[in-house]
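As structure tokens, the structure follows; a few thoughts come after it.
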Amino acid sequence: MTDFYDELTPFYHLIYQDWNASVDRQGEQLSALIKTEWPTSRKILDVSSGIGTQAIGLAMRGYSVSASDLSEKEIERAKQEARSRSVEVSFSVCDMRNAFAHHGSGWDVVVSADNSLPHLLTDEDVLCALKQMTECLSVGGGCIVTVRDYEREERGKNLIKPYGARVENGYRYMLFQLWDFEGEHYDVTFFFVQENLATQEVKTYAMRSRYYAVSTHRLSELMREARLQNVRRLDGVFFQPVLVGTKAA
Ligand SMILES: C[S@@+](CC[C@H](N)C(=O)[O-])C[C@H]1O[C@@H](n2cnc3c(N)ncnc32)[C@H](O)[C@@H]1O
């Protein structure tokens with residue numbers, strides 16, 4: 001799994017039509033959610049930041065943000081992306097299942113966005129991460145998890161998920177994923193077909209990972225088990241379903 005994101009790092013922004021616009025939009029959407037749910041929040045922790053899509057977007061809105069991820073390469077790039085925008089984020093490498101030992105407590109909001117938790121393949125591991133996120137929170141603080149809506153995804157083998165085409169620096173990229181389900185898990189190969197527009201030379205990069213197609217219903221149960229209260233699914237506030245919960249006294 002680490003290899004998947006380490007290899008994906010130089011291409012990661014290509015997943016988006018316009019990554020900069022997504023950083024801005026997602027920062028705005030999460031900021032609006034935070035202001036509604038936990039209005040006095042200042043200190044945000046992102047435990048699966050990747051190259052910083054949400055962490056940088058939130059820091060650009062004045063929050064004090066720390067962020068970590070399992071992938072060293074992504075964190076390296078996240079630091080460069082923040083620096084090039086003169087945005088202050090404290091980035092480090094950490095497995096979210098060790099978030100409390102690494103980051104300690106006192107956070108107003110802890111975030112894990114864009115389908116990161118389903119990289120953990122068992123309920124036990126997901127619960128472990130959620131408990132660590134809860135431990136990191138101050139009393140009254142909020143947990144935000146955003147995930148794919150697996151109830152709406154077709155199950156089967158050889159499923160193609162197109163991500164479109166992008167043109168950048170003299171290359172055209174065609175992006176698609178191939179999914180193979182096996183019970184509640186599926187294997188993904190993410191293909192990046194790179195065409196040199198000057199020479200027509202084509203190279204294909206393929207990166208593989210496995211996911212747990214955990215439902216938002218099951219995730220909500222696990223959030224309650226992790227001692228979060230007022231756990232709810234919110235639709236229409238982000239590009240994928242958002243689960244929120246609050247740490248009780
Ligand atoms: C789809 S990416 C989302 C990254 C980022 N939130 C974004 O939207 O750009 C999923 C991320 O989860 C991270 N991840 C997977 N398992 C992890 C773990 N156990 N601890 C921390 N991060 C993990 C991956 O390295 C990857 O960066």
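Selection within segment 238-249: residues that are more than 21 Å from TYR186 (Cβ to Cβ) and loosely packed, with under 15 Cβ neighbours inside 10 Å. The member of this set that is farthest from the chain's Cα centre (by Cα) is ALA249. Restricting attention to segment 1-11, the residues being under 15 Å from the mean Cα position of the chain (by Cα) and open to solvent by less than 30 Å² (accessible area, probe 1.4 Å) number 3.
Those helices (runs of 4 or more DSSP H) of segment 18-125 in which 2 or more residues are within 25 Å of SER215 (Cα to Cα) and open to solvent by 10 Å² or more (accessible area, probe 1.4 Å) occupy 19-37. Inside segment 4-53, residues that are free of Cβ contacts under 8 Å to residues at least 60 places away in the same chain and among the charged types (D, E, K, R) make up a count of 5. In segment 109-136, the residues that are basic (Lys, Arg) form Cβ pairs under 6 Å with partners that are more than 12 Å from the ligand (Cβ to nearest atom), at six or more places apart or across chains, as follows: LYS131/ALA226.
The values are calculated or read from the model by the stated rules, or taken from the named source; none is laboratory data. All values reported here derive from a predicted model rather than from experimental measurement. Here Cβ is always computed from backbone atoms with ideal geometry, including for glycine, and neighbour counts include all displayed protein chains. Areas reflect the complete protein model, heavy atoms only, side chains present, ligands, DNA and RNA absent. Shrake-Rupley method; radii C 1.70, N 1.55, O 1.52, S 1.80 Å.
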